[in-house]
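Peer 1: Mind having a look at this structure? Questions to follow.
The values are calculated or read from the model by the stated rules, or taken from the named source; none is laboratory data. The structure presented is a predicted model; accordingly, all values stated were derived computationally and were not measured. Because the Cβ atoms are built from the backbone with ideal geometry, glycine has one as well, and the counts that use them run over all protein chains shown. The area values use the complete protein model at the heavy-atom level, side chains included, leaving out ligands, DNA and RNA. Shrake-Rupley method; radii C 1.70, N 1.55, O 1.52, S 1.80 Å.
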Amino acid sequence: MKKIAVSFFTLIFATYGAMADTNPFMGEYKNQIALNIGAGVNSGFIIPPPTQFVPFVLLHVQYSQPTTFFKVPARQSINIGQTLGFGSKYGWDWDKFTIPMIFLSEDIALAHGDNWYVSVGPGVGLQAQQNERLGAKLLFQFKIIGGYRINDHWGVELFVQHFSNANTARENYSYAFYGVGFTYSF
């Protein structure tokens, strides 16, 4: 119970620190596009340890608009992505997981400064086909982001992204990625 209380108060203080007049993701602009590239990790954890990188890549384009989440700066996004597998490693044939996907996400700023931000982002979407790794077309996403706005238009983000079916199917080994994103706000 003590851990839950500490986590709750930490979230409240982090959220209070994130309140702002302008959106830390895109400043005064109302639109943003991003190109995200991620390297796959063979892990079932929400935050995967960076120990078992695999021949699996995520490419996705993201369109975002500013919003708030209980008065905390946020951005809502639609994402169109493609996973690409190359060969076998750790007992998985990664070629079988070359699948397009589409998902909606909401990134919520936990803390930020003038040019930097840290955020988390839940999301939900679909992949074009189910497979033995996820066992469902339905996807749930969780993302942790550290971002830096280079200038008014351009930014760069480092992220950890996790996709799962949230136990809606028998198989749920998840997809996990470490990556970099490049944003353009307009």
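Peer 1: Within the set of pairs 6 or more residues apart or between chains, which connect a residue that is closer than 15 Å to residue 43 by Cα inside segment 75-101 to a residue that is among the aliphatic types (A, V, I, L, M) with Cβ atoms less than 8 Å apart?
Peer 2: Listed by first residue and then by second, the contacts come to 89/54; 90/54; 92/54; 94/54.
Peer 1: Also, quick follow-up: Assuming residue 62 fulfils every condition listed in (1) in contact with a Gly (Cβ under 6 Å, 6 or more places away or on another chain); (2) of a type outside the set (D, E, K, R); (3) crowded, with 18+ Cβ neighbours inside 10 Å apart from one, which condition is it?
Peer 2: The single condition residue 62 does not satisfy is (1).
Peer 1: Pick out the one residue from 53, 70, 86, 97 that is among the aromatic types (Phe, Trp, Tyr), more than 16 Å from the chain's Cα centre (by Cα) and at positive phi.
Peer 2: One residue alone meets the criteria, 70.
Peer 1: For a quick check of your reading of the model, give me the residue pairs whose first member lies in segment 171-186 and is part of a loop (DSSP other than H, G, I, E, B), whose second is open to solvent by 10 Å² or more (accessible area, probe 1.4 Å) and among the small types (Gly, Ala, Ser), with beta-carbon atoms closer than 7 Å and at least 6 apart or on different chains.
Peer 2: Taking only residues 6 or more apart or on different chains, the pairs are 171/135; 172/135; 172/164; 173/44; 174/44; 174/164.
Peer 1: Can you tell me how many residues within segment 80-131 are more than 23 Å from residue 146 (Cα to Cα) and of a type in the set (Gly, Ala, Ser)?
Peer 2: Within segment 80-131, residues that are more than 23 Å from residue 146 (Cα to Cα) and of a type in the set (Gly, Ala, Ser) number 5.
Peer 1: Inside segment 65-86, can you point out the residues that are open to solvent by 30 Å² or more (accessible area, probe 1.4 Å) and either in a loop (DSSP other than H, G, I, E, B) or under 15 Å from residue 173 (Cβ atoms) (or both)?
Peer 2: Of everything in segment 65-86, those that are open to solvent by 30 Å² or more (accessible area, probe 1.4 Å) and either in a loop (DSSP other than H, G, I, E, B) or under 15 Å from residue 173 (Cβ atoms) (or both) turn out to be 70, 71, 86.
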